[in-house]
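Presented below is the structure to which this report refers.
The values are calculated or read from the model by the stated rules, or taken from the named source; none is laboratory data. In this text the structure is predicted, and so the values were computed from the model without any measurement. Backbone-built Cβ (ideal geometry, glycine too); neighbour counts: all protein chains shown. Protein only, heavy atoms only, side chains kept; ligands, DNA and RNA dropped before computing areas. Shrake-Rupley method; radii C 1.70, N 1.55, O 1.52, S 1.80 Å.
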Amino acid sequence: MAIYGLLGISIWTCLAVAPDKARAIIGILQIALLILFFLAFRYMVRLWGSRFVSANWSALGIGVLLYLGLWAATLAYRWPPVDDWAGVAVPGMANVRSVGFLSLAAFCSGAALAVNSQSRSHVVLAFILLTVGAWGSALWTGSRGAAVAMTVVAMVVIALAKGSRLRISGLIFGSLVAAILLVYPIPYGSPDYGLGNFFWGSQSNDPDSFSSGRTTIWKATFEMAKVHPIFGLGLDQFQFNGPEISRGVKQPHNWPLQILFSSGLAGVLLVPIALIPLVNWKTSVLLDRKNLPSILCLTGMLVFAGYDAPGYYLYPLTLVAIALASVSPPPARDRSG
């Protein structure tokens, strides 16, 4: 009922309020597509069980490595970049920092593989995923947001890895050191990104400067959301109809504010009502090591969405849908037999 309510609000705001109705319709279709993907993936989990989930997360991690390899080959072929390295020169990404979504996916895959490793080859693959796919890509692109989310996820991994905490801690810390040594000598396509900017580019006493202007955008978004407080201004309206200071930016880099702006207080209330029943809160399920990558993904995306865009773009939302489908309770018919 909460999901139906959210779709109803989206359709109503599209027809009655949204200034750009075409973008609102596209936003509704994207949400519908995401819901259908969730249902399809959940059905496959029911058919094939935890092996399917584990194989899927391993494939996601390897996919990140393949993407980074293709991107590296592209940059090597056309170095130095002649166009916007922060935008169009990054295949499939709106901005180079969006690679942080891939970093987090690789970290969840690698960390879970390390905890559940059954052979030396699994440990080696986990180390490569953590070094290159996770820490390496975040450090090279200067994605501090992804690094913060991965640090939180690392603490969760260590807390849940009973009996192997020392080994997992050493693997995570060792991969971070290896990533720094790997990234340091590699040239960057822009002085605004890279290892130096990652560690020292945020040195400022001004909160707005430290947050790359986010605090100003958040204040302006909250003030504008007050104009349509109940049902919001509609999906996908922020870029061209949001606060003047953020024109051109597709979302406010904060998931609760994005929902408040798009769907109003009704959306802020209905989204958690819709999401909470999708997670099986049984301790045995949450602590099951086979479900570890899904738990890590949900934790990392929740942290990441507090200051960046995982709540907007389809790739991170798809990861969330996979994680929710992996740990969601079976339908009532299956539970009752």
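Counting only protein heavy atoms and using a 1.4 Å probe, what share of the accessible area of the chain belongs to carbon plus sulfur, as a whole percent?
Result for the chain: 69 percent of the exposed heavy-atom area is carbon or sulfur.
Find how many whole Å separate the alpha carbon centroid of region 145-159 from the alpha carbon centroid of region 96-110.
If you average the Cα positions of each part, the centres end up 12 Å apart.
Taking a point 7 angstrom from the Cα of Asn95 along the C-beta vector, which residues in region 213-236 have backbone N less than 11 Å away?
From region 213-236, the list is 213-214.
Helix-only estimate, please: 222 nm mean residue ellipticity of the chain, summing -39500 (n - 2.57) across DSSP H runs of length 4 or more and dividing by its residues, to the nearest 500.
-21000 deg cm²/dmol
Counting Lys and Arg as +1 and Asp and Glu as -1, each charge on the Cβ, what is the dipole of the chain about the Cα centre in debye, to the nearest 20?
1140 debye
Say each of Lys162 and Arg120 gets a label point 7 Å from the Cα, pointing the same way as Cα to Cβ; how far apart are those two points in nm?
3.0 nm
Just how far, in whole angstrom, is region 29-71 from region 3-19 if you go by their alpha carbon centroids?
Region 3-19 and region 29-71 have Cα centres separated by 29 Å.
Where does the charge balance sit around Phe261 when Lys and Arg score +1, Asp and Glu -1, over other residues with C-beta under 13 Å from its C-beta?
With Lys, Arg at +1 and Asp, Glu at -1, the net is +1.
Pick out, from Leu68, Val96, Gly49, the residue whose Cα sits farthest towards the positive end of the charge dipole of the chain, with +1 on the Cβ of Lys and Arg and -1 on the Cβ of Asp and Glu.
The Cα lying farthest towards the positive end belongs to Gly49.
How much accessible area per residue does the chain have, in Å², with a 1.4 Å probe?
Values: 16600 Å² over 337 residues.
Per residue, the chain has 49 Å² of solvent-accessible surface.
Using a 1.4 Å probe and ignoring any ligands, DNA or RNA, find the accessible area of Ile276 and quote it in Å² to the nearest 10.
Roll a 1.4 Å probe over it and Ile276 shows about 100 Å².
Be a star and scan region 1-25 for residues whose amide nitrogen sits under 11 Å from the point 7 Å along the Cα-to-Cβ vector of Ile273.
1-6
Please check the chain for the longest run free of trypsin sites (Lys or Arg not before Pro) that are loop-located per DSSP (anything but H, G, I, E, B) and have at most 14 other Cβ atoms within 10 Å.
The longest such stretch corresponds to 79-161.
If I take R0 = 41 Å and measure r between the Cβ atoms of Ser169 and Val249 in this structure, what FRET efficiency does the formula 1/(1 + (r/R0)^6) give, to the nearest 0.05?
That pair, Ser169 with Val249, gives E of 0.60.
Report which label in [x] 72, 45, 40; [y] 60, 58, 38; [z] 61, 48, 38 holds the value of Cα extents along the principal axes in Å derived from the coordinates of this structure.
Given [x] 72, 45, 40; [y] 60, 58, 38; [z] 61, 48, 38, the structure-derived one carries the label [y].
What distance in nm separates the two pseudo spin-label positions at Leu34 and Lys282, each 7 Å out from Cα along the beta-carbon direction?
Reported label-point gap for Leu34 and Lys282 is 2.8 nm.
Lys219: which lysines have alpha carbons under 26 Å from its alpha carbon, excluding same-chain residues fewer than 8 sequence positions away?
Of all the lysines, those that pass the test against Lys219 - Cα under 26 Å, at least 8 places apart if same chain - are Lys21, Lys250.
Which of the lysines could a cross-linker span from Lys282 if the Cα-Cα distance has to be under 16 Å and same-chain partners fewer than 8 positions apart are dropped?
Filter leaves Lys290.
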